[in-house]
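One structure is given here, and the rest of the page talks about it.
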Amino acid sequence: MNGVLCLGIGQDTVKFLVPAAAFGALARWVRSRRARRRPVGERELREVPEFRVVALGPQGAGKTLLLASMYHHLQTPSGGHYYLTAPYDQVIQLNKWFAEVADPGRDWPYGTASGETREFTFEVTTRVDGEPRALLRLGYLEYAGELLTEPQAPGSTVQADLFARVEAASALIGIIDGNRVRQVLAGDSDGLWRLQQALTAMIAPMMRVSSPVTFVITKWDLLAGLHPDENIRLGMVRNLLMSNQGFRDLVRTHSAYRVVRLVPVSAVGPTFARLDASGLVTKRPDGQVRPTNIDIPLSAVVPDVFEQVERSLDEATRRAVLDQVRRQSQLTPRQALRALGAFVGQRAGGTLLGTLGMRGLGALAGDLAVGLFLDSRAATPTRAELLDQRLGEAERRLRQFHLARRTVLRELQSRVDVLEGRLPSSRLSGEL
Amino acid sequence: MTGWAFLVARGRRSGYRVLVAPDFLVAAGDHGVLEQVVAAPEGTSSVQLTSAAGRRLSIACATYRVTPAEVSDPRDEHGRPLRLIYGLVGTVPLDPAPEQLAAALAESVAAYQHFLAAEGDSPLVRSAARPVRAAAGQPAATPPEAPASPPVRVGSPPAVATPPGVPGKSGVRLGALAAAALLAAGVTVLVAARGSGEPQRPVLPVVCSALPTPTPSRTIPGRSKPPAAKKAARCR
């Protein structure tokens, strides 16, 4: 009896397996030959990494308004280098919501029902050589807030689905109702109890995962009366939130390795809504939508995921990664691709790849995820890089793509940095 | 044809929940499926759902914006209008007459007013069976009872009567599984029979009454058999 038979496989099966293995090897060789003939970097241009975002917040906190206003603001470059695109059916839905929000003569949209949970897919798009090109994909989950705070009826499966998505998210956005915060700061004890309830419901799933968190204070316009200085106003809100034990624990326990932000946002801006005599939020008849900080929650996703990745690397790996960034920037696109492949096979590259995989980028081929991360750490494109005339067409195309991607990644980072500079209270991690 | 009224709505403070549900779903603790109902903003729409317990339900539903005639100041605490997602649940596709939907709405409005008066403490209302027009081509009667077996979604006896000559979805899947099993068995017999002098064990086609279970990527230490193996063993 030979070794193969010891494994319980018959000789006839071996007769079949050997040619099958030979055929498989031949097919792999043909594929690799074809891959070599493909234009350089074609896979990089085609495969788009996806970051999954879940916005957690109780009912009425303003999740749908935030989403509709965010998309409306970001669907054009507005002087920047990128904009968001989405499938047409989603664009129609988002624009319908925004139209309902922005028309002073219409009521606010209905609250979202449990069955209306749906995922939106945004592509962060820029123009490369005059053509639109998707650089990143952001999956964004829209759901009913009561799934977070209320027990579901027997036989319902939507809540379990939500929590599964939270655990798989690359980044979380925690939505805090600014009107509730206003009530608490005005001494409303019922408001305090309900704010605590909302925070508890949000913090519990957040503690189970380690993705970056951006807490968004919605309806920021309703808090304008707290203090004329916006940073002091945000500081007051921050102190209130930090008085909640769960919130404080999340920030303090996790701040060593997790990015946590507090961003004040108004989906409609300072002159659109007001409180009526019964304390309900109503539209002003002459109101105009001018959102505040509406782009920050989505802009922060990629920089925060990557910052967290970098912070979780040991010092030697981090140095090796930054060295690789410098090396790559001095190579031609073809050489850089080859160097990237070699780097992924080394210890530092492997460690970086593993960390990126834990941040939800595991579905992306290893060298692509690492390449995206390295681009996020590269400097702003130089004039020499932009005008390099020595390259062939395919390499030039790839170079333009990389430079556009670097520009957009820098811009995302800079939007977050500008907010931090203007409102230092917005950075929660690092809080002691 | 039989149908049951249902209502999903939110309160001024509390979120959307099932407020009225068919008595047989409530009795079985299976009414949570109605939380998945999405009604079109205007007109009547039809939805097919499978509950957690495997019941296949057909729902004719609509939305209704609550007016001051029914509720004073029909807004929630965030200033948003209140709406009802209501309609009729059946075990075959329904095509309710306008007056039948209007009756379901009237029942829903009454239940909703009661709910708003004591928000949070209002009990779930069980709706009773009522005659409803069936969609064209549907059989005249259907049993309202749930599948007797626990939730086996594929391969279990269909909860919905299927018109003669038209295979149900589960029937099609079962057929596909059987065909795949027969094909696999045939291939195995062919491979095994080629040139081997050893007597072969008879290969019997095995048709499982459940979907193939995904093979776990790793075995948990201490477990003698992965779940898939156990399921296969039961099938023999």
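Just to confirm my filter: which helices (runs of 4 or more DSSP H) fall fully inside region A:21-104 and include at least 3 residues that are modelled with pLDDT of 90 or more?
Working: elements: A:42-46, A:63-74, A:88-102.
It comes to A:63-74, A:88-102.
Restricting attention to region B:12-31, report how many residues are under 16 Å from the mean Cα position of the chain (by Cα), within 10 Å of chain A (Cβ to nearest Cβ) and surrounded by 24 or more Cβ atoms within 10 Å (Cβ to Cβ).
Our first condition is that a residue be under 16 Å from the mean Cα position of the chain (by Cα); within region B:12-31, this holds for B:18, B:21-31.
Pick out the ones that are also within 10 Å of chain A (Cβ to nearest Cβ) and you get B:18, B:21, B:25-26, B:28-31.
Checking the rest, the ones that are also surrounded by 24 or more Cβ atoms within 10 Å (Cβ to Cβ) come to B:18, B:21, B:25, B:30-31.
Count: 5.
Pull up region B:67-101, narrow it to residues that are among the aliphatic types (A, V, I, L, M) and under 30 Å from A:LEU222 (Cα atoms), then point me to the one that is farthest from the other protein chains (Cβ to nearest Cβ). Let's see the steps before the verdict.
Taking region B:67-101 as the starting set, the residues that turn out to be among the aliphatic types (A, V, I, L, M) are B:69, B:71, B:82, B:84-85, B:88-89, B:92, B:94, B:97, B:101.
Right, trim to under 30 Å from A:LEU222 (Cα atoms) and you get B:71, B:82, B:84.
Working: B:VAL71: 14, B:LEU82: 8, B:LEU84: 11 Å.
Here the answer is B:VAL71.
Listed here are the residues, each with its yes/no results for (1) in the same structural domain as A:THR292 (by TED's automatic domain parsing); (2) of a type outside the set (D, E, K, R); (3) touching a residue at least 24 places away in the same chain (Cβ under 8 Å).
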| position | (1), (2), (3) |
| --- | --- |
| A:VAL158 | yes, yes, yes |
| A:ALA164 | yes, yes, no |
| A:ASP188 | yes, no, no |
| A:TRP193 | yes, yes, no |
| A:LEU222 | yes, yes, yes |
| A:VAL237 | yes, yes, yes |
| A:VAL251 | yes, yes, yes |
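I'm checking my understanding of the structure. Among residues of region A:253-264 that are touching a residue at least 60 places away in the same chain (Cβ under 8 Å) and either polar (S, T, N, Q) or in contact with a His (Cβ under 8 Å, 6 or more places away or on another chain) (or both), which one is surrounded by the fewest Cβ atoms within 10 Å (Cβ to Cβ)?
It comes out as A:SER255.
If you check B:LEU105, B:LEU84, B:LEU116, B:LEU101, which single one turns out to be assigned to a helix (DSSP H, G or I) and either closer than 30 Å to A:LEU275 by Cα or at pLDDT below 90 (or both)?
Values: B:LEU105 fails: either closer than 30 Å to A:LEU275 by Cα or at pLDDT below 90 (or both); B:LEU84 fails: assigned to a helix (DSSP H, G or I); B:LEU101 fails: either closer than 30 Å to A:LEU275 by Cα or at pLDDT below 90 (or both).
Among B:LEU105, B:LEU84, B:LEU116, B:LEU101, only B:LEU116 is assigned to a helix (DSSP H, G or I) and either closer than 30 Å to A:LEU275 by Cα or at pLDDT below 90 (or both).
Please pick out the residue among B:ALA9, B:ALA60 that is farther than 30 Å from A:LEU275 by Cα and either within 12 Å of chain A (Cβ to nearest Cβ) or among the hydrophobic types (A, V, I, L, M, F, W, C) (or both). Reasoning before the result, please.
Details: B:ALA9 fails: farther than 30 Å from A:LEU275 by Cα.
Going through B:ALA9, B:ALA60 in turn, the sole match is B:ALA60.
Out of A:THR85, A:THR64, report the one residue that is surrounded by 15 or more Cβ atoms within 10 Å (Cβ to Cβ), touching an Asp or Glu at 6+ places or on another chain (Cβ under 7 Å), β-branched (Val, Ile, Thr) and more than 12 Å from chain B (Cβ to nearest Cβ). Step through it out loud before you land on a result.
Working: A:THR64 fails: more than 12 Å from chain B (Cβ to nearest Cβ).
Among A:THR85, A:THR64, only A:THR85 is surrounded by 15 or more Cβ atoms within 10 Å (Cβ to Cβ), touching an Asp or Glu at 6+ places or on another chain (Cβ under 7 Å), β-branched (Val, Ile, Thr) and more than 12 Å from chain B (Cβ to nearest Cβ).
Identify the single condition in (1) farther than 22 Å from B:ASP30 by Cβ; (2) in contact with a strand residue (DSSP E or B) (Cβ under 7 Å, 6 or more places away or on another chain) that B:PRO68 does not satisfy, given that it satisfies every other one.
Exception for B:PRO68: condition (2).
Starting from region A:51-75, take each residue that is without any contact (Cβ under 8 Å) to a residue 12 or more places away in the chain and farther than 14 Å from A:PRO291 by Cα and list its partners that are of a type in the set (Gly, Ala, Ser) and part of a helix (DSSP H, G or I), counting only C-beta distances under 9 angstrom and pairs at least six apart or across chains.
Note: no pairs meet the criteria.
For region A:296-354, enumerate the residues that are among the β-branched types (Val, Ile, Thr) and surrounded by 18 or more Cβ atoms within 10 Å (Cβ to Cβ). Full working, then the answer.
The initial filter retains those residues of region A:296-354 that are among the β-branched types (Val, Ile, Thr), namely A:296, A:301-302, A:305, A:309, A:317, A:321, A:325, A:332, A:344, A:351.
Those that are among the β-branched types (Val, Ile, Thr) and surrounded by 18 or more Cβ atoms within 10 Å (Cβ to Cβ): A:ILE296, A:VAL301, A:VAL302, A:VAL305, A:VAL309, A:THR317, A:VAL321, A:VAL344, A:THR351.
Name the residues in region A:302-339 that are among the basic types (Lys, Arg) and more than 23 Å from A:ARG415 (Cβ to Cβ), would you?
Here is the first cut: in region A:302-339, the ones among the basic types (Lys, Arg) are A:311, A:318-319, A:326-327, A:334, A:338.
Listed by number, the residues that qualify are A:ARG318, A:ARG319, A:ARG326, A:ARG327, A:ARG334, A:ARG338.
If you scan region B:102-124, which residues turn out to be touching a residue at least 24 places away in the same chain (Cβ under 8 Å), away from every other protein chain (no Cβ under 14 Å) and not aromatic (Phe, Trp, Tyr)?
Listed by number, the residues that qualify are B:ALA103, B:ALA104, B:LEU105, B:GLU107, B:SER108, B:VAL109, B:ALA111, B:GLN113, B:LEU116.
Is there a residue in region A:239-253 that is in contact with a Phe, Trp or Tyr (Cβ under 8 Å, 6 or more places away or on another chain), aliphatic (A, V, I, L, M), in a loop (DSSP other than H, G, I, E, B) and closer than 19 Å to A:ALA61 by Cβ?
Step one: of region A:239-253, the residues in contact with a Phe, Trp or Tyr (Cβ under 8 Å, 6 or more places away or on another chain) are A:241.
Filter again for aliphatic (A, V, I, L, M), leaving A:241.
Remaining after also requiring in a loop (DSSP other than H, G, I, E, B): none.
Scanning region A:239-253, I find no residue that is in contact with a Phe, Trp or Tyr (Cβ under 8 Å, 6 or more places away or on another chain), aliphatic (A, V, I, L, M), in a loop (DSSP other than H, G, I, E, B) and closer than 19 Å to A:ALA61 by Cβ, so the answer is no.
Regarding region A:280-292, can at least one residue be identified that is within 14 Å of chain B (Cβ to nearest Cβ) and surrounded by fewer than 13 Cβ atoms within 10 Å (Cβ to Cβ)?
yes
Could you please give the count of residues in region B:39-53 that are surrounded by 14 or more Cβ atoms within 10 Å (Cβ to Cβ) and at pLDDT 80 or above? Outline the logic, then answer.
Filtering region B:39-53 down to residues surrounded by 14 or more Cβ atoms within 10 Å (Cβ to Cβ) leaves B:39, B:44-47, B:49-53.
Applying the additional criterion that residues be at pLDDT 80 or above yields B:44-47, B:49-53.
So the count comes out to 9.
May I ask you to verify whether A:ALA267 is over 28 Å from the mean Cα position of the chain (by Cα), buried (at least 21 other Cβ atoms within 10 Å of the Cβ) and within 14 Å of chain B (Cβ to nearest Cβ)?
Numbers: over 28 Å from the mean Cα position of the chain (by Cα): no; buried (at least 21 other Cβ atoms within 10 Å of the Cβ): yes; within 14 Å of chain B (Cβ to nearest Cβ): yes.
Answer is no for this residue.
Of the residues B:GLY15, B:GLY43, which is without any contact (Cβ under 8 Å) to a residue 60 or more places away in the chain and at positive phi? Break it down stepwise before answering.
On the way: B:GLY15 fails: at positive phi.
Only one candidate passes the filter, namely B:GLY43.
Which one of B:THR63, B:THR2, B:THR91 is within 29 Å of A:GLY62 (Cβ to Cβ), touching a residue at least 24 places away in the same chain (Cβ under 8 Å) and crowded, with 20+ Cβ neighbours inside 10 Å?
Details: B:THR2 fails: within 29 Å of A:GLY62 (Cβ to Cβ); B:THR91 fails: within 29 Å of A:GLY62 (Cβ to Cβ).
Criteria check complete, one pass: B:THR63.
Can you name the strands (runs of 3 or more DSSP E) wholly within region A:109-227 that have at least 1 residues being within 14 Å of chain B (Cβ to nearest Cβ) and either at pLDDT below 90 or within 30 Å of A:PHE401 (Cα to Cα) (or both)? Reasoning before the result, please.
On the way: elements: A:118-128, A:131-142, A:171-176, A:213-217.
Because the criterion is at least 1 residues that are within 14 Å of chain B (Cβ to nearest Cβ) and either at pLDDT below 90 or within 30 Å of A:PHE401 (Cα to Cα) (or both), the strands (runs of 3 or more DSSP E) in region A:109-227 that meet it are A:118-128, A:131-142.
Within region B:5-79, considering only strands (runs of 3 or more DSSP E) that don't extend past its boundaries, which have at least 2 residues that are assigned by TED's automatic domain parsing to the domain that holds B:GLN113 and of a type in the set (S, T, N, Q)? Step through it out loud before you land on a result.
Details: elements: B:17-22, B:45-50, B:56-65.
Ranges flagged: B:45-50, B:56-65.
The values are calculated or read from the model by the stated rules, or taken from the named source; none is laboratory data. Worth saying up front: this structure is predicted, and the values here are computed from it rather than measured. Counting neighbours? That spans all protein chains shown, and the Cβs are built from the backbone with ideal geometry, glycine included.
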